[in-house]
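Structure first, then comments.
FYI, it's all coordinate maths here, none of it is from the lab. The model shown is predicted, which means the values in this text are computed figures rather than measured ones. Neighbour counts run over all protein chains shown; Cβ positions are idealised from the backbone, glycine included.
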Amino acid sequence: MNAKIQAQAIALGGPITYLDVEEGEKANKALDLIHLRAWELWKKTAADLRQ
C-alpha cells in the first residue's frame, strides 16, 4: 500500500518530502504505543470472553 501511494505521489510530478531520521523515529515510537495499546485491549477482551 505504501509503495502504491508513493508511486502515485511521484506520478503527480511535484516535490516529495520524506521524513527525516528524527521524524521517522518519532513516528515509529507513536506507532509502537498504538500497537501496544491495541494489544492490551485485545488481551483484556480475550480474557473477558474466557470467563
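Given their separation in residues at 0.36 nm each and the Cα-Cα distance between them, ASP20 and ALA46 gain 5.5 nm when the chain is fully extended. Shown is the FRET efficiency for ARG37 and LYS4, computed with R0 = 30 Å from the Cβ-Cβ distance and rounded to the nearest 0.05: 0.65. Looking at (1) 27, 64, 9; (2) 21, 51, 24, 4; (3) 20, 25, 26, 18, 9, 1, which value of P(r) over Cα pairs in 10 Å bins from 0, in percent comes from a calculation on the structure shown? Working out P(r) over Cα pairs in 10 Å bins from 0, in percent from the coordinates points to (3).
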